[in-house]
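Accompanying notes for the structure given below.
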Ligand SMILES: CC(C)(COP(=O)(O)OP(=O)(O)OC[C@H]1O[C@@H](n2cnc3c(N)ncnc32)[C@H](O)[C@@H]1OP(=O)(O)O)[C@@H](O)C(=O)NCCC(=O)NCCS
């Protein structure tokens, strides 16, 4: 079954209580492993195939056989997605943030697009920018070139990175928000089930 040309299947998995209790390198390893399980599930749902997860010297995932991939891990949830086009995924836990962080994530013209709760909007901006920076393989060094240019609704916004427009889809899960960027048309989220 191949939907891969236009459809995308990001998968989010919960981290077990035992893995959440790990620390340091053991925890990083467990989260990375679980994120790759989410990625493989995304591959199955998409009809795509990955048998390795190579990264370059800057830790940017390298596509394998034309399949791009992106991972994200937080201490209680992880996500993964495979795609035939460049893709980026990010997940954050919603928590109170101070004014300095609000100013770091976006400038005044971007904040003017927001009508409503700035704390909630902060995590949309943050995850959207992280997702785009992953898709372009830049990491945080590209932050100043990544801008929010339109907010359509609670789940869709558009960013630019230099001259390129990146549509971003958001998915709300209780105290978390996930963002995905891609040029695919349809996104089908698989939420975590405990
Ligand atoms: C490295 C970065 C790409 C993502 O960091 P993060 O949000 O801490 O981490 P996530 O768990 O969401 O993602 C980690 C995965 O991203 C991938 N990744 C790492 N560097 C990457 C890069 N430069 N480009 C694309 N993907 C990258 C890796 O696959 C990694 O997983 P792995 O180590 O298991 O292979 C980068 O955006 C960063 O340094 N963020 C710091 C946080 C910050 O200041 N954010 C401000 C947002 S406005």
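Observations on the model:
- Any chance residue 81 is more than 8 Å from the ligand (Cβ to nearest atom), within 12 Å of the chain's Cα centre (by Cα) and closer than 29 Å to residue 120 by Cβ: yes
- Of the strands (runs of 3 or more DSSP E) lying entirely inside the stretch 119-184, those containing at least 2 residues that are within 15 Å of the chain's Cα centre (by Cα), within 16 Å of the ligand (Cβ to nearest atom) and within 20 Å of residue 77 (Cβ to Cβ) are 164-173, 176-181.
- Scanning the stretch 21-71 for residues that are part of a helix (DSSP H, G or I), within 18 Å of residue 9 (Cβ to Cβ) and within 13 Å of the ligand (Cβ to nearest atom) yields 34, 35, 36, 37, 38, 39.
- Close pairs from the stretch 134-151: first in contact (Cβ under 8 Å) with a residue 40 or more places away in the chain, partner within 11 Å of the ligand (Cβ to nearest atom) and in a loop (DSSP other than H, G, I, E, B), Cβ under 7 Å, at least 6 apart: 135/86; 135/87; 137/60; 139/58; 148/106
Quick note: the coordinates plus some simple rules give every number you see, no bench work behind them. None of the values given here were measured: they were computed from a predicted structure. Every residue, glycine among them, receives a Cβ derived from its backbone with ideal geometry; neighbour counts consider all protein chains shown.
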